[in-house]
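Taking it in order: structure first as structure tokens, then the write-up.
The values are calculated or read from the model by the stated rules, or taken from the named source; none is laboratory data. Everything numeric here is computed off the predicted structure, so don't read it as measured data. Every residue, glycine as well, gets a Cβ built from its backbone with ideal geometry; the counts of neighbours run over all protein chains shown. Keep in mind that these areas ignore ligands, DNA and RNA; they rest on the heavy atoms of the full protein, side chains included. Shrake-Rupley method; radii C 1.70, N 1.55, O 1.52, S 1.80 Å.
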Amino acid sequence: MAGPRRKKYTSGEGAQYVTRATAMRALQLSLKDFRRLCILKGIYPREPRNRKKAQKGATGIKTLYNKKDIRFLLHEPIIWKFREQKTVGRKIGRAKALKEYSEAKHLMNKPVLIKLDHIVKERYPTFIDALRDMDDCLTLCHLFSTFPSIRHIPRDQSTLCRRLMLEFMQAVIYSKALRKVFISIKGYYFQVEIKGQLITWIMPHQFSFEPQTKEDVDFRIMSTFVQFYIVLLGFVNFRLYHVMNLHYPPRVRRVEETEGTDLVDKMALQSERIAALNYPLVSTTTSIAEEEETALDKFELDGNEASKMEKAYIEADKIQKLKTLFKGMKVFLNREVPREPLVFILRCFGAEISWDKKLFVGATFEESDETITHQVVDRPQIERQYISRYYVQPQWVFDSVNARELLPVERYFIGAVLPPHLSPFVDESKTEAYHPPEEQQLFSNNENENEEEEEITPAPPKITTKEVDVSTKSISSIQKSINDSEESSSEEEDEEGDLGPEALKEKMKMKMIVTPGRMEEKDPFEEKKKEREEYKLREKMVHKKHKALYKSMMKGRALRAKDVKVLTKKRQLIDQKKMLKS
Amino acid sequence: MVMPELSKKRKQSSLEKSQLGDEKKKVVSLKDVVGESDDLISSLPEDGVVDSDVSDDSSEDEDEPVDEDEFNEDSESEGDEDLNSEIDSDELEWESENEEEESSQESDGDPEKEDAVEIKSKNGIEKSKIGLRKEGVPGTSTQPPGEDEYAEGDTSDEEDIRNTVGNIPINWYDEFDHIGYDWDGRKILKPEHGDQLDEFLKKIEDPDFWRKVRNVQTGQDVVLSDKDINQIKRLESHKIPDEAFDDYAPWIEWFSSEVLEMPLRKFPEHKKSFLPSKDEMKKVSKYVHALKMGWMKTRKAMKAKEKKEKQKGPQFYLLWKTDDVADEMRRIENHIPAPKRPLPNHSESYNPPEEYLFNEQEMRKWNRERKSLGNKKLHFVPQKFNSLRQVPAYKRFIRERFMRCLDLYMCPRAIKMKLTIEPEELVPQLPSPADLQPFPTTASIYYKGHTDMVRSISVDPTGQFMASAADDGTVKFWEISTGRCLRTATFSGTARCVAWNPSSQMSLVAVAVDRKVYLVNPRIGCQDHIDQTDELLDKRPYQDKVTPPRVEAAVQWEYLSEGELHEQGVLIVLNHFKEVKQVQWHWKGDYVFSLMPDGENRSILIHQLSRGRSQTPFNRARGLVQAACFHPTKPYFLVATQRNVRIYDLVKQEMVKKLITSSKWISDITVHPGGDNLLIGTYDRKVLWFDLELSTKPYKTLSLHSQAVRSVAYHKRYPLFASVSDDMSLIISHGMVYNDLLQNALIVPLKRFSCHDKVNDFSLLNVTFHPQQPWVFTSGADGNIVLYT
């Protein structure tokens, strides 16, 4: 027996989603507050599998949220905070309208504070999850830390961003977690590895703030994001410091106590010292446990696993080397060099750094110090040079980190034309993409090293060449012998006249010579052509269902190949021009 | 119940009063005047003279406590002239009011004077009485005659007392003679006002007329005093009514925070108020204790703490106890983490390799695409700087970050499975063509000779010779192995089709030229067979049946014994009524059918050689017939119309099957020698393989060609089939049919040839296999025939 007819959209796709308008009505929030709530709680619209069903038959595109997400939001305590804020706002407005300024001031001095701790925990169940999602957080915080005081952004937000970013960078320096760096036209990319998670963020170039039009950028939305990110970053910093046995609001080692005695604001000095990134942090434990790096245990594995393990060992070794890349170096930064990124990188890999005293707090030695090994300079020439040190351009630091070894400094001297700066984030294993010769060089350099290590074992390709040699030799020897025989026969011909019939027979026999057979020349292209033809016919048998997909894939491949071709061609032309010039 | 009587009496007395014709002059209270008639006020003369006396008087009234005696005297002295007449009336009233009480008085001879005297004498006592029982006694009754009760100024209290009807619309009493009742329940009669003439006269005579106002409550005229008029004027001009009031008098402080001249309360403070409160003491001690213990903080301390906290910023603590153990709590369901932004490649570098920089063309393209919404390869222009100090801040950085923020909270997310396969994996794995040999691999012989397109070719059953029909009207007979043209037969018209008789005993070829089908003895090969054929088809056999007119009209047999055509080898000519497109022999060689697409229900004719007669198998046309063929093993006949293929049983004379091709236009049809499979070529570029055992729909649709397929063919022995198309290609495929019913046919395309040129959009027209060898012939629009071995 069939039951009563079921209504449409009461189950399945149609019952899973709600539109934004419905969600807002259910939550009794304005669009502004709903947006804030979504940003803070990390709720986002979903793409349904079948849009028409999900929209209950409505055409057009609507913003759809998971019904469960909205139901989850219903119990959120910060919604009440929003409502409180609204009422306080109204009260302030009222007081202003009645010209009760003292009342308005009183209300404004007691803003409704929204605590987001529980949301951080809820959005990121584990610390690892939080680390995985740090990219946007760090980039935005770094951007905000460069902002002046502007409308729609709370006054203390940018200072807090700066403080937290510096704390994070200090933690990275302490743990030597930096892996890759890159100077892009957008800013400095840094990639760090914390707990096995790769975090990449961008530090904008100097003076990155520019007033934006209303249509371009809504700072309120960004500020809401930052409101959450600040809390997240704070908790992440706290845990990082805690794990590393450091004091959480970080404390730097007092270098010269006397310096700060007659200062009014000691706190400011302290924070500036942290900002200098040049002082070591104070640990909570007195005994300094010196980097007890756990080396990878070696297991006996076979086949594929073994090769993987081997790769892992090599990688670990390289990273170990990278961590002490600049150790023992004493670097002085000229004043035109961007201080923060360079100090961050150099300190991460163990260099000692200083700069002009007047530039910023935290200079540790003078320019005239004779023990300085490198000086980073970014100007065409310099008046007074010391012989005892190298003068290099900043790109040397970045390239050395990416190459994981100290590159020769010759190409980076003052006024030298710099070699191209390559991105370390390009996947070398992708054969389809274009790789410029510089990259291949860099790659082959590393390979060569490996080969040098492996030189003890005889390389199989060499054997084959030898074999080839042998074979050619043998052929030539055969030819020689044949020639010899011919010569001998001609010699014998001379003696033709005085020979009997037997001799003649023999001679006839001798005449029946075997000329060396020629190898049948196989056209290498023909084989390929044939294969190609066969493949083309086979291509036509692709199932109807996959035909469109196959076509699009092939099209994409062709486009990529074309790109590579264009780049290679351009490169060739450039090289030719250079050759002609020189 | 007494009231009506009283009223009657009152009426009488009022009548008496009216006779007297005197008017009562009373000062109406200000309130009444202002409240009731604005007209009155407006009618007042603007420059009304203020009577100084009256005003003085009133001021006296206010300032000084009024002595009763003095008051009396004043009233007496002042009211002398004005109120003389009034006294009378009052007296009268008095009289009338006292009627009930002292009716005996009426009987007195001259009561007026006596009463007046009496009251005068009583005046003192009466007044005092009024003071005591003010409310109980109506004013009028207590009014001593001869005195104006309003002389000392109006007090509204008294006014209200006069009439007891209350605050009602006075027009309710319009019908009556009275206007209410006094305190004793007696009627207050309406005073006599006289008619309009009287009024007018009064207006002229009375100098005070303008200041007279009628009291609605009592119905009497009241003369406003100068003081009143002054007050009214001040009110009208929005001034404080009292002239003497000083707006700007200095404020006298009696009781404030500084001055305590006068207490707020009359009685002195209670004794208790001088003792400290026990309750408060308890509270205070509690607070002190809390402060001592640190449970409570002073406001100052609190503020300092708040400030300190604010300075410190947000407080962080160890939120996650471990790295990877999640606490149980409610979270968002099926969370899809946002994808990370792709990492930069070399082109984003501040100093990229030079090939990444845009040249002019690329720059133009980038500018063109900048505003489009589509996916661009790069969202920025690569730039090269010679040194780091020259690198400026990136202008779109904030905007890019903002867009990322928008993506994070607004972009709908879904998990999409990404294909990790290579496109090669989609291509089916088929056996290698090398394993499926033999099949033709090279084009070996070109048969050249025709001057126009060769529409049809046919190979002789022994595999030695081949016939070809061309548009130039010639049919050429070739020796296959040498490529030599042995004979040429010329006809007038276009030779559309040629078919070699499959019987090995016969040497006969059917040629379709326009409306005629010639049966030609090519006279090549075995001489016995040639002679035998000539003999057999010498003359028409005896017709035992009369040919139906339908058939007769469609085709006529003509046996030739001489003439030019006979010289060429033509034995029989079949004259058709429409153009013949195709001829084909039955595998036994006795039957041949001819196909006329325009013939409608007679588009197919089957001719029997041994009997020398024709048949029309179908009575009804089922669409435009495109192609037809005999079934190789069964007495079936297959007819392909534009879209469908119908299979008829010729013996049972019924339709066996209808195949649905789902293509638009069929071009050619051929049957596998096994009889169970069918190949159909269509003009919409497809080759359809039908398995008759399987279904009426194609088992496989092969889209091997890129243009219309012209012809398809099966090999008789090898598992091969071939198709030719307008895209200048011949494709030879392996088509293995298994005897096992469970195993479907295996189809593998083997080889593609392209040996013919394109002429007027035609290239290859026909394909035929060699009967024994794995060879294939194609004929093309360029007039060539090619053999592939």
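With surrounded by fewer than 15 Cβ atoms within 10 Å (Cβ to Cβ), within 60 Å of the chain's Cα centre (by Cα) and not hydrophobic (A, V, I, L, M, F, W, C) as the only criterion, which of B:ASP598, B:ASP544 stands out?
Within the list B:ASP598, B:ASP544, the selection yields B:ASP598.
For the range A:318-332, how many residues meet the condition of being open to solvent by 80 Å² or more (accessible area, probe 1.4 Å) and farther than 17 Å from A:LYS180 by Cβ?
1
Answer yes if at least one residue in the range A:568-576 is under 26 Å from the mean Cα position of the chain (by Cα) and outside any loop (DSSP other than H, G, I, E, B), and no otherwise.
Yes, the range A:568-576 contains at least one residue that is under 26 Å from the mean Cα position of the chain (by Cα) and outside any loop (DSSP other than H, G, I, E, B).
Quickly run through the range A:266-296 and pick out the residues that are of a type outside the set (A, V, I, L, M) and at pLDDT 75 or above.
Passing the criteria: A:GLN270, A:SER271, A:GLU272, A:ARG273, A:ASN278, A:TYR279, A:PRO280, A:SER283, A:THR284, A:THR285.
Would you mind stating whether B:TYR350 is surrounded by 14 or more Cβ atoms within 10 Å (Cβ to Cβ), in contact (Cβ under 8 Å) with a residue 24 or more places away in the chain, facing another protein chain (nearest Cβ under 7 Å) and aromatic (Phe, Trp, Tyr)?
When the stated conditions are applied, B:TYR350 passes them.
Checking B:ARG399 against (1) in contact with an Asp or Glu (Cβ under 6 Å, 6 or more places away or on another chain); (2) more than 8 Å from chain A (Cβ to nearest Cβ), only one condition comes out false. Which one?
(2)
Collect the residues in the range A:158-182 that are touching a residue at least 24 places away in the same chain (Cβ under 8 Å) and farther than 17 Å from A:PRO249 by Cα, keeping them in residue-number order.
Listed by number, the residues that qualify are A:LYS176, A:ALA177, A:LEU178, A:ARG179, A:LYS180, A:VAL181, A:PHE182.
Could you say whether any residue in the range A:36-44 is within 12 Å of chain B (Cβ to nearest Cβ), out of contact with any strand residue (DSSP E or B) (no Cβ under 6 Å at 6 or more places or on another chain) and surrounded by fewer than 16 Cβ atoms within 10 Å (Cβ to Cβ)?
Checked against the condition, which is being within 12 Å of chain B (Cβ to nearest Cβ), out of contact with any strand residue (DSSP E or B) (no Cβ under 6 Å at 6 or more places or on another chain) and surrounded by fewer than 16 Cβ atoms within 10 Å (Cβ to Cβ), the range A:36-44 yields no hits at all.
For the range A:65-145, give me every one of the helices (runs of 4 or more DSSP H) that falls completely inside it and has 2 or more residues that are more than 14 Å from every other protein chain (Cβ to nearest Cβ).
Hits in the range A:65-145: A:78-97, A:101-109.
So which of B:GLN584, B:GLN556, B:GLN543, B:GLN626 is assigned to a loop (DSSP other than H, G, I, E, B) and on the phi < 0 side of the Ramachandran plot?
That would be B:GLN543, the only listed residue that is assigned to a loop (DSSP other than H, G, I, E, B) and on the phi < 0 side of the Ramachandran plot.
Return yes or no: is B:ALA414 more than 10 Å from chain A (Cβ to nearest Cβ), in contact (Cβ under 8 Å) with a residue 24 or more places away in the chain and over 23 Å from A:TYR434 (Cβ atoms)?
It is false that B:ALA414 is more than 10 Å from chain A (Cβ to nearest Cβ), in contact (Cβ under 8 Å) with a residue 24 or more places away in the chain and over 23 Å from A:TYR434 (Cβ atoms).
If I ask for residues that are part of a loop (DSSP other than H, G, I, E, B) and open to solvent by less than 100 Å² (accessible area, probe 1.4 Å), which ones from the range B:263-283 would you list?
Scanning the range B:263-283 gives B:PRO263, B:SER277.
So, in the range B:520-535, exactly how many residues are in contact (Cβ under 8 Å) with a residue 60 or more places away in the chain and among the aliphatic types (A, V, I, L, M)?
Total meeting the criteria: 0.
Take the residues of the range A:187-203 that are open to solvent by 10 Å² or more (accessible area, probe 1.4 Å) and facing another protein chain (nearest Cβ under 7 Å): which is nearest to B:PRO342 (Cα to Cα)?
It comes out as A:THR200.
Name the strands (runs of 3 or more DSSP E) wholly within the range B:412-492 that hold at least 2 residues that are open to solvent by 40 Å² or more (accessible area, probe 1.4 Å) and in contact with a Gly (Cβ under 8 Å, 6 or more places away or on another chain)?
Because the criterion is at least 2 residues that are open to solvent by 40 Å² or more (accessible area, probe 1.4 Å) and in contact with a Gly (Cβ under 8 Å, 6 or more places away or on another chain), the strands (runs of 3 or more DSSP E) in the range B:412-492 that meet it are B:443-448, B:484-490.
Tell me which residues, restricted to the range A:55-66, are of a type in the set (D, E, K, R) and buried (at least 16 other Cβ atoms within 10 Å of the Cβ).
A:LYS62
Of all residues in the range A:409-431, which are surrounded by 12 or more Cβ atoms within 10 Å (Cβ to Cβ) and aliphatic (A, V, I, L, M)?
Passing the criteria: A:VAL409, A:ILE414, A:ALA416, A:LEU418, A:LEU422, A:VAL426.
If I filter the range A:244-257 for residues that are modelled with pLDDT under 80, out of contact with any Ser or Thr (no Cβ under 7 Å at 6 or more places or on another chain), within 14 Å of another protein chain (Cβ to nearest Cβ) and more than 30 Å from A:ALA130 (Cβ to Cβ), do I get at least one hit?
No: zero hits.
For every residue, the table says whether it meets (1) in contact with a Phe, Trp or Tyr (Cβ under 7 Å, 6 or more places away or on another chain); (2) touching a residue at least 60 places away in the same chain (Cβ under 8 Å); (3) away from chain B (no Cβ under 14 Å); (4) in a helix (DSSP H, G or I).
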position: A:ASN304; (1), (2), (3), (4): no, no, yes, yes
position: A:SER307; (1), (2), (3), (4): no, no, yes, yes
position: A:GLU310; (1), (2), (3), (4): no, no, yes, yes
position: A:GLU315; (1), (2), (3), (4): no, no, yes, yes
position: A:ILE319; (1), (2), (3), (4): no, yes, yes, yes
position: A:LEU325; (1), (2), (3), (4): yes, yes, yes, no
position: A:GLY328; (1), (2), (3), (4): no, no, yes, no
position: A:VAL331; (1), (2), (3), (4): no, no, yes, no
position: A:VAL337; (1), (2), (3), (4): no, no, no, no
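With the structure loaded, tell me whether B:LYS312 is at pLDDT 85 or above and either open to solvent by 100 Å² or more (accessible area, probe 1.4 Å) or out of contact with any Gly (no Cβ under 7 Å at 6 or more places or on another chain) (or both) or whether it fails that test.
Judged against the criteria, B:LYS312 is not a match.
When you scan the range B:658-727 for strands (runs of 3 or more DSSP E) that lie fully inside it, which ones turn up with 3 or more residues that are within 19 Å of B:HIS631 (Cα to Cα) and either of a type in the set (Gly, Ala, Ser) or open to solvent by 10 Å² or more (accessible area, probe 1.4 Å) (or both)?
B:666-671, B:709-714
Can you find even one residue in the range B:337-346 that is of a type outside the set (A, V, I, L, M, F, W, C), within 7 Å of chain A (Cβ to nearest Cβ), farther than 30 Å from A:LYS195 by Cα and not in a loop (DSSP other than H, G, I, E, B)?
no
Only residues that are out of contact with any strand residue (DSSP E or B) (no Cβ under 9 Å at 6 or more places or on another chain), within 14 Å of another protein chain (Cβ to nearest Cβ) and either outside any loop (DSSP other than H, G, I, E, B) or charged (D, E, K, R) (or both): list them for the range A:512-548, please.
Within the range A:512-548, A:GLU526, A:GLU527, A:LYS529, A:LYS530, A:GLU531, A:ARG532, A:TYR535, A:GLU539, A:LYS545, A:HIS546, A:LYS547, A:ALA548 meet the criteria.
Within the range B:745-757, take every residue that is over 15 Å from B:LEU704 (Cα atoms) and within 14 Å of another protein chain (Cβ to nearest Cβ) and give me the one that is surrounded by the most Cβ atoms within 10 Å (Cβ to Cβ).
Per the stated criteria, the residue is B:ALA745.
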